[in-house]
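Have a look at the structure that comes next, please.
The values are calculated or read from the model by the stated rules, or taken from the named source; none is laboratory data. Because the structure is predicted, anything quoted here is derived from the model rather than measured. Don't worry about glycine lacking a Cβ; one is built from the backbone with ideal geometry, like all the others, and counts go over all protein chains shown. Each accessible area value is taken on the protein alone, full model and side chains, heavy atoms only, with ligands, DNA and RNA left out. Shrake-Rupley method; radii C 1.70, N 1.55, O 1.52, S 1.80 Å.
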Amino acid sequence: EGVNPQEYTLIKMEVVSPFPPKLGALEGKKVYLAAATLRPETMYGQTNAWVLPDGKYGAFEINEEEVFILTEKSARNLAYQRLSRVPQKPTCMLELTGHDLIGLPLKSPLAFNDIIYSLPMMSVLTDKGTGIVTSVPSDSPDDFMALHDLKSKPAFRAKFGVKDEWVLPFEIIPIISHPDFGDKSAEKICTDMKIQSQNDREKLDAAKKIIYKGGFYEGTMVFGEHAGLKVQEAKSLIRNQLLEGGQAVIYSE
Ligand code: A2H
């Protein structure tokens, strides 16, 4: 948050009912994990959502029917952006931690997979966006390495109570062709740079910069109804489609 406000697209990832006991109080509402992204055109390639296990979250009333799960700070920002049942005042129905959210089955807009799951990632920041991140391992080095860690380390899954079936069936989906790194650009750069894990911060930040440039400015869509279009052109089309369909909202901070 600085002088220049960042405008995100909040993707409404619907929690499939019946809800687990921790979320029982929300039964009857439409409940979403609200994920902040700068890359709405990548939503086809979602394989899961990310939460910070020790992060603090809440279930906030957006209107009479809809509830968003996100951080308190982002709920406050949304309330000032007319997204709160009570104007300018966030109403928390339920306090939650990231641990409570791990394993939730989700239906997310445009995703190739019908159902995806909420999983732990250590690099999620709770003071940025909503503290919920949608995972696209084809095009995000952070997402790729975090999913790779969960897939390759049974002990890591066990530590957070992550079931095999929430992780192992999910393959990387090629959605964008990158001029230099192909259609699984995040995997390619992580392999080339010999990135070891999601904690390899410096290398991951460097990888992100490289991939982002070529992918966003010179990439071509290879999946979905805008296949063949440049990523830059597809982005606004897909974003508007999500907003008009009620599957996403605008969020600035
Ligand atoms: B992006 P900026 Cl495919 N903690 O979405 C950590 N990361 C977060 C976050 C948080 N609280 N909130 C959002 N993000 C991620 C897709 C994506 C993203 C792709 C490629 C690049 C990319 C799928 N994950 O971002 O620091 C989200 O990941 C690279 C710019 O505000 C969000 O967009 O510039 C991005 O970081 C926002 O980063």
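Once you keep just the Cα pairs under 8 angstrom separated by 6 or more residues, what percentage relative contact order results for the chain?
23
On to the next question. For the chain, which whole-number percentage of the solvent-accessible area (1.4 Å probe, protein heavy atoms only) is attributable to carbon and sulfur atoms?
51
Could you work out which residue, out of VAL86, VAL15, VAL124, moves most in a Gaussian network model of the chain, that is, has the largest mean-square fluctuation with Cα springs under 10 Å?
Comparing VAL86, VAL15, VAL124 in a Gaussian network model of the chain, the most mobile one is VAL86.
Further question on the same structure: Could you state how much accessible area ILE115 has, in square angstrom rounded to the nearest 10, with a 1.4 Å probe and all protein chains kept in place?
50
Another question, then. Using only helices, what value at 222 nm comes out for the chain when you add -39,500 (n - 2.57) per DSSP H run of length 4 or more and divide by the total residues, to the nearest 500 deg cm²/dmol?
-8500 deg cm²/dmol
Please return the longest range in the chain lying between exposed loop sites, taking trypsin sites (Lys or Arg not before Pro), DSSP loop only, at most 14 other beta-carbon atoms within 10 Å, and leaving the sites out.
1-81
Compute the Cα gyration tensor for region 1-123, then decide on rounded, prolate or oblate, letting a ≥ b ≥ c be the square roots of its eigenvalues: rounded whenever a/c is under 1.5, prolate when a/b is larger than b/c in the other cases, and oblate in all that remain.
Rounded shape, in that the Cα axes give a/c under 1.5.
Using a 1.4 angstrom probe with every protein chain in place, what is the largest-first accessible-area order of GLU61, GLU95?
Solvent-accessible surface, decreasing: GLU95, GLU61.
State which entries of LYS188/LYS209; LYS188/LYS213; LYS30/LYS184 exceed 22 angstrom in Cα-Cα distance in the structure shown.
LYS30/LYS184
Now for a separate question. Top mean-square fluctuation among GLY45, GLY224, GLY131, Gaussian network model of the chain, C-alpha springs under 10 Å?
GLY224
Please work out how much accessible surface SER140 shows to a 1.4 Å probe, ignoring ligands, DNA and RNA, in Å² rounded to 10.
Looks like 30 Å² after rounding.
By how many nm would the segment from ASP205 to GLU72 grow when fully extended, if each residue of separation counts as 0.36 nm and the alpha-carbon distance is taken off?
Roughly 45.2 nm would be gained on extension.
Where the centroid of each part is defined by its Cα atoms, how far is region 47-87 from region 100-142 in Å?
15
To continue, here is another question. Scan around TYR57 for amide H atoms under 5 Å from its own, H built in the peptide plane at 1.01 Å from N, and keep only partners 5 or more places away or cross-chain.
Here LEU96, THR97, GLY98 satisfy the definition.
Per residue, how large is the accessible surface of region 139-223? Use a 1.4 angstrom probe and give square angstrom.
Ligands and nucleic acids excluded, the figure is 51 Å² per residue.
For the residue pair LYS230 and ASP180, what label-to-label distance in nm results when each label sits 7 Å from Cα along the Cα-to-beta-carbon direction?
Label-label distance for LYS230 and ASP180, simple model: 1.9 nm.
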